[in-house]
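To start, the structure under review is shown below, and the notes come after it.
Please treat every number below as a calculation from the coordinates, not as lab data. Being a predicted model, the structure only gives us computed values, none of them experimental. Please note: Cβ atoms are built from the backbone with ideal geometry, for glycine as well, and neighbour counts cover all protein chains shown.
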Amino acid sequence: MYRVNLQNIAGDWASADAGDFVVTRPIHRTRFSQGIVCHLLVLAEATLAGMVTTAILANPAFGNADLNFAISSGIAIGAIVLFVMFASGAASYDRFASRLSTLMAGMAASILIMAASLLTGATLRFALLAGAVLLATVVVAKILTKLVRNVLEKRGNLTRLVAVAADDPAQRAALIRLLSRRNDIELVFSGSPSQFDILGSLTQANQLDEIVLSGHQASEENIAALAGLAVTLVRVTPQDRLDLNVFDPVWGKKRVFGAWSAPASIITLPPLRGWRGVAKRVIDIAGASIAIILLSPVLIACAIAVKLDSKGSLFFVQERAGYRNKPFRMYKFRSMCAERADATGSQLTLRNDPRVTKVGAFLRRASLDELPQLINVLKGDMSLVGPRPHPKGAKAGTMLYDDLIPHFYSRYRMKPGITGLAQISGFRGNTETEQHLIDRFGRDLQYAAEWTPVLDIAIMFRTVTHVFKGTNAF
């Protein structure tokens, strides 16, 4: 046995069996989504093809096309290049530099521009020249975008931090050997899937992107435990398929192991992966910015009322559990006497609570005390819609949240929100009973599973009606 120092990651120590390892050095990085980067680079290729098309057709030497025809042709050809790249899989990370896809896109673009050139009255010679120029453009664009991807890869911006989880040392060795063949993967953990505290600490510190779980370990218990870590969990086929010398009866050839290709299969995905996360963040920034501007008179009035009503700070700042269970400082207008505020959240607010000020009672009833959390949204700590964040000392009945519900950390797979599905479903306010928390937890998981931009907008509109009702707000 030996000790693994996790002081830099989790502020704690943990032990691991011989042969296991945990990377203890903090990994400072700005990681970009591989999928989003490749999508944007392919979009750049298509845009360049469209611009070159427009420039060629707008040249008087290539016929009598007007500018509108040249622009519309450029848009159409750019769209065709984009479609071919996505349809052939060349917009994915592993197949990004596919020569066949590049050639298909280039040939399609060349044929179309030659047809467009001939329609404008250009000679066959000029049409062929236009086709050759556009084909060369698509090829050169792919070379340039591949260089950009390689630079990002070498800088570590596309590197995925991966944990290998298997009890059998032989399985771990096989997985490590095969994963180490990829230059876009850095292994940060090797050990048993039961070492959940270590995996959770790595996740919370943003030091883990993916867990590769041995197929022999893919029990329901392990899957349920690891699914809440806000990472991609990959199930690997059994040990006999990990040997590179094994003939694959399905594909008829040897299969090189890849974390995103056969023979691995995905068990769980983070709810806001890739463009879904981008869409939600755009909604948050736009919505919070508009809300702050429109509600600025209300915010100023609330601030003045709080300061005139009682002594103390304008804001009540409390540490709450955020995305990946990482703590953050949440802002609210102070609604209690400063000397009687509960920093840990262990004491529920009661009806006619003597700690609440007169102005505070009104703010809480109208939920106006929550408005400063728009700042948390802009900072990226929170979302407009999501599971409500809770303080560390929060209880349902007499039990702490994390102790009452197994795998309660599944809530941390999404950023906490100012409002949420649970709040508009009648589970707003205190968790006075254990069943109240269980019901709220179920709504939070339902929200994560069913998220769409439309759902967020619907929840925000319904929140307004619930605020006017003042249900369970005190």
How far apart, in nm, are the 7 Å Cα→Cβ label points at Arg95 and Gln446? 3.8 nm
Over 29 Å between Cα atoms, which of Lys307/Lys415; Lys142/Lys326; Lys142/Lys415; Lys280/Lys392; Lys280/Lys326 qualify? Lys307/Lys415; Lys142/Lys326; Lys142/Lys415
Which ordering of Trp451, Trp275 is given by a fewest-first count of other beta-carbon atoms within 10 Å? Trp275, Trp451
Please list 3J(HN,Hα) in residue order for region 88-103, calculated via the Karplus relation 6.51 cos²θ - 1.76 cosθ + 1.60 where θ = phi - 60°; whole Hz, with x for glycine and proline. 8, x, 6, 8, 8, 5, 6, 10, 4, 9, 4, 5, 4, 5, 4, 5
May I ask you to sort Leu445, Leu295, Leu374 by Cβ crowding, counting other Cβ atoms within 10 Å and putting the fewest first? Leu295, Leu445, Leu374
